[in-house]
Amino acid sequence: MQQRFLGRTGVRVSSLALGTMTFGKDDGVDAQMFGMAREAGVNLFDCADVYNEGNAEVSLGKLVAPCRDQVVLTSKAYFPTGPDGNARGTSRYHLVRAVEASLRRLGTDRIDVYFLHRFDEATALDESLRAIEHLVSSGKILYPAVSNFAAWQTARAIGLAERHGWQPLVCVQPMYNLAKRQAESEILPLCHAERIGALTYSPLGGGLLTGKYGVHARPEDGRLTQWPMYRTRYGAEGYYDLAERFTAFARERSFEPTALAIAWVASHPDVTAPILGARGPDQLAACLRAAQIDLSAELRAEISALSPAPAPATDRNEEGVTNTLGSR
Ligand SMILES: NC(=O)c1ccc[n+]([C@@H]2O[C@H](COP(=O)([O-])OP(=O)(O)OC[C@H]3O[C@@H](n4cnc5c(N)ncnc54)[C@H](OP(=O)(O)O)[C@@H]3O)[C@@H](O)[C@H]2O)c1
């Protein structure tokens, strides 16, 4: 598997990362998936405090113990970890406890990349970043990062860190797949301009692009059927039409839809690594086969044409067209 630098850190990470949102339910399944990922060359493992109520961190922590210094570990905080009104968000109060709790569950002395899991409207951003800086200087976090932030929120965080001399953000974690392309309009260009890494999640649209969904195909045990949040996220009929057209396109060209959907995400020049998600070893094997697909620019363009590109960041784009006033 290829490796890439994570933003401008000089840290090498694999071009596919393994997500552990499904970890913490069955130790045997987790161990098998972890072993397969390591065998394939994955060195980047994404986690969060809320995955299976902390059990994903416990499971991942046991698995990485023998190879802790050969892997890059992430975790995150924002979502509620208990009924208390302060056990959530990105206040200094919560972040300090959240990091300490994650370290305990992971059984390690540092978290390599730590994400604010979501922008917190109730907490001043400088409070959150100052708390992160404190955790960096005490050695508990190596690199700060943000997830699910809009580009302007990320840009504010970059500016605050610069102004105060805090450890800069090293990467972002937006959603990105053929059905959800918002990141293309501002977040990925921001990553390019600032040399920030992009570890993108949900490369398969929660399973939408694996070949098992279509206009009349809704597997009963699939996440988009079972999990209300995902049913809402991918509720519009157009997504299932896209799933069908993408599956047909992949099969006509003798690709597995799962591997091709992930390879399409990975082929964006500003994506460092898509984060894979799988319920078990068989699913993961198909995801890992994405590493064997070297997508040409032409094939990427053909796949991109299957779904609408997001609107550009500004409405005035005439200058980009040749032979108009102002074109260069
Ligand atoms: N920062 C954030 O807010 C955030 C949010 C979400 C995820 N993440 C991270 O990103 C990782 C991946 O996200 P994701 O799970 O949403 O990724 P995804 O690739 O879009 O969806 C994974 C799901 O697709 C289905 N699937 C995977 N491979 C398959 C195959 N070969 N055949 C059929 N179905 C298959 C499985 O669900 P079913 O079996 O249920 O169909 C699996 O759980 C997570 O583990 C987590 O680390 C971060």
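Each value in this text was obtained by applying a stated rule to the coordinates, not by laboratory testing. Everything quoted here is computed from the prediction, not taken from an experiment. So basically every Cβ, Gly included, is an ideal-geometry build from the backbone, and we count neighbours across all protein chains shown.
Cross-link pairs exceeding 22 Å in C-alpha to C-alpha distance, out of K180/K212; K25/K62; K25/K140, comprise K25/K140.
One decimal place: the segment E121-W152 gains 9.8 nm when fully extended, by the rule 0.36 nm per residue minus the C-alpha distance. Under the shape rule built on the C-alpha gyration tensor, where the axes satisfy a ≥ b ≥ c, segment 199-267 is oblate, since a/c reaches at least 1.5 while a/b does not exceed b/c. If R0 equals 25 Å, the separation of the Cβ atoms of E252 and D282 corresponds to a calculated FRET efficiency of about 0.60. When the Cα gyration tensor is reduced to axis lengths a ≥ b ≥ c, the ratio a/c is 1.5 or higher for segment 185-328, and with a/b above b/c it is classed as prolate. Shape class for segment 1-92, computed from the alpha carbon gyration tensor (a ≥ b ≥ c): oblate, with a/c not under 1.5 and a/b at or below b/c. Gain on full extension, evaluated as 0.36 nm per residue between W227 and S137 minus their Cα-Cα distance, stands at 28.5 nm.
Compute the distance from the alpha-carbon center of segment 165-184 to that of segment 93-152, in whole Å. If we compute the Cα centre of each part, the gap is 16 Å. What does the net charge come to around V265 if you take all other residues with beta carbon closer than 12 Å to its beta carbon, with K and R at +1 and D and E at -1? It works out to a net charge of +1.
When the Cα convex hull of the chain is projected onto planes of every orientation, the mean area is 18.1 nm². Compute the Rg/Rh shape ratio of segment 150-234: radius of gyration over Kirkwood radius, all on alpha-carbon atoms. Value, to two decimals: 1.13. Between D46, D112, D282, the GNM of the chain built on Cα springs shorter than 10 angstrom shows D282 fluctuating the most.
Taking 7 Å steps out from each Cα toward its Cβ at E100 and S296 produces label points 5.8 nm apart. Loop-resident GluC sites (Glu not before Pro) (DSSP state other than H, G, I, E or B) in segment 1-79 with no more than 10 further Cβ atoms inside 10 Å of their Cβ are absent.
Short-range pairs are left out: with C-alpha atoms under 8 Å and at least six residues apart, the relative contact order of the chain is 16 percent.
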